[in-house]
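A short write-up of the structure that comes next.
The values are calculated or read from the model by the stated rules, or taken from the named source; none is laboratory data. Because the structure is a prediction, the values reported are computed rather than measured. So basically every Cβ, Gly included, is an ideal-geometry build from the backbone, and we count neighbours across all protein chains shown. Remember, those area values only see protein heavy atoms, side chains included, never the ligands or the DNA or RNA. Shrake-Rupley method; radii C 1.70, N 1.55, O 1.52, S 1.80 Å.
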Amino acid sequence: MPAEPTGSIPADSSVDRTLDQLRLAARDAAHGSAEFEQDVSNLRSRIDNELARVSNARNSALSLQARLPDELWCLAWQDLPLIDRLAILRVCRAWRTLALRSPIIWSTLDVNLDLHHPDCHCEPCRDDRQDFRKRYLAMNAIAIRSTKTNLHLIPRALFLGQNVPLTIHVSDIASESNDDSYEYLGQHLFLHTHRLRTLHLDLQDSWVVQQLLEAVGDLNALQTFSVTCSGEPCNVHEPHQIATRAIACPRLQYLRLPKCLLWQQGFEDSMTALRDLWCGVQSVSEIAFILEACVNLSYLTLDLHDELDHLDELVPIPASLRLLVHERARTLKDIAFRGVTSRNESDIVGIFAIAEIETLSFIYDLHHAPTSQAVEQITGRFQSPIVLSCTASAKGPYHRISLLARTTGPTRAISQKSDPLLLRQTWGYFSKCLPQGVVVAGSCWRALHADEWQGDPMPNTFMFSMLVSVVEELADLPLVHHHFPQLKLVCIRGSAASEAIIPVESIIAVVDSLVAPGSFLDSLLVQQIRIEGDDTALRRKAGTVTLPTSLTT
């Protein structure tokens, strides 16, 4: 086979020199046509390469990539969904190079496990003859399934993360999750447990946590672990163990589990690093186990199971157990009990109403409120000066009544359903503490004094503060000046995200409802409120009047 012509012009000639030589060759009859055509082709190729080099240099000089530091690109990419972060690898060479050499981009992974449950009738789910991976993770299956999972992207993302600390967020809205998908995820996380620092699971089917943890194994580097059950309250799930064997978590500092997950058999007996725990308990002995296993615990939130409603009907709590829990609880800073009822409060309050705990909260079940005996135990260690507050919860139809020291000291709080009758009953119990200050939301104040209800006087109260979000909360306020004979200071403050616009007449009405005719306040403060109207009359209500600078006339 004859060799292909290579041209007569040397390859190392410059473009201009090559062009001059081609002009001479075109006029030379002795120059072969094949050689001439090859020289032209070579010149075109060299010109294209030279133009590409110049174009790349210009693009690099003018592009945003060159003007922004690599750290800013990484910060921007970290917040993208995983599928978009992987798409960066296909945008351009510069982005691909940066993404591949920056493992921090892959340090936080959002895992969507919205696979179908066993009763689903879509094509991949019906074809149960194939392996789980072939049905859901093979490339030819991705196009036909209707799930939103990105599970097939996780192995690649874990590889790109190299050895940087890892945070995993798992979300799954299926009422019956796919066990195989959690086992698959756990098998891949097993190789990265040395760098797994945070694990968040947002599920409806908490049973699959067991499959995940048993596939992952010990979590020696984990510091934060939380499971939230979208179906809470978890009355649709029977309480079950989080794992069938003890999982080592020697560095775990924060643990939150739903009421349906029991962890006493799922983790090692000693968790000395744990500082913050939120979980469900079925008995006082389980509380004792927690306090013995977590010796450095500072913050504890317990969801009380129904079994605690009937402690008196079962076996009385041994005095030694009560004493053990009582002594261990003294080291805690903050304890909250959720699901308190009138039947289990006596044991809980009797053990934990101690002065050493800085913040103690009781969240009562619907249609339940504290008894007078419980309030007496809760507030018995308080000494003046104290502040009594009543606010509405932003997370649901609940009122929160708190008793707190004005400086450093304990705080005690009750949360109960927003029922006017229960609210008045609990307020009456707390008001017997004779607080020196009262802080109350406008909506709660109206609910307290609906139907012309008259509470007990508070002769020691000299400060009253009302939180207002809308002007309607100040309409038709009752005259309660006989409740506060020593009142010296009134503060009216906006509680909404933006300034509330309140007519000056409404603010004057608040003061008149609290202060007896002819009496005079020492101080009046109005904050985070835009006053509408002339404030001349308002300024005569106290010796010192502090109003916001923004007024609406």
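I'd like the full set of residues that are exposed (fewer than 15 other Cβ atoms within 10 Å of the Cβ), of a type in the set (S, T, N, Q) and within 18 Å of S285 (Cβ to Cβ), limited to segment 315-356.
Hit for segment 315-356 is S320, nothing else.
Scan segment 172-188 residue by residue and report those that are closer than 12 Å to N112 by Cα and at pLDDT 90 or above.
Hit for segment 172-188 is L185, nothing else.
For segment 330-340, check the following and say yes or no: at least one residue is in contact with a Cys (Cβ under 8 Å, 6 or more places away or on another chain), in contact (Cβ under 8 Å) with a residue 24 or more places away in the chain, farther than 23 Å from P459 by Cα and not hydrophobic (A, V, I, L, M, F, W, C).
Checked segment 330-340: no residue is in contact with a Cys (Cβ under 8 Å, 6 or more places away or on another chain), in contact (Cβ under 8 Å) with a residue 24 or more places away in the chain, farther than 23 Å from P459 by Cα and not hydrophobic (A, V, I, L, M, F, W, C).
Scanning segment 144-168 for residues that are open to solvent by 70 Å² or more (accessible area, probe 1.4 Å) and under 19 Å from A87 (Cβ atoms), which turns out modelled with the lowest pLDDT?
Looking at residues that are open to solvent by 70 Å² or more (accessible area, probe 1.4 Å) and under 19 Å from A87 (Cβ atoms), I get K148.
Kindly provide the set of residues from segment 171-201 that are open to solvent by less than 60 Å² (accessible area, probe 1.4 Å), assigned to a loop (DSSP other than H, G, I, E, B) and hydrophobic (A, V, I, L, M, F, W, C), ordered by number.
Correct list: A174 only.
Determine which member of the set W73, W77 is at pLDDT 85 or above and among the aromatic types (F, W, Y).
W77
Residue check, I363 against (1) at pLDDT below 90; (2) hydrophobic (A, V, I, L, M, F, W, C); (3) open to solvent by 10 Å² or more (accessible area, probe 1.4 Å), all met but one. Which one?
(1)
What tally of residues in segment 510-553 results from selecting those that are touching a strand residue (DSSP E or B) at 6+ places or on another chain (Cβ under 6 Å) and free of Cβ contacts under 8 Å to residues at least 12 places away in the same chain?
1
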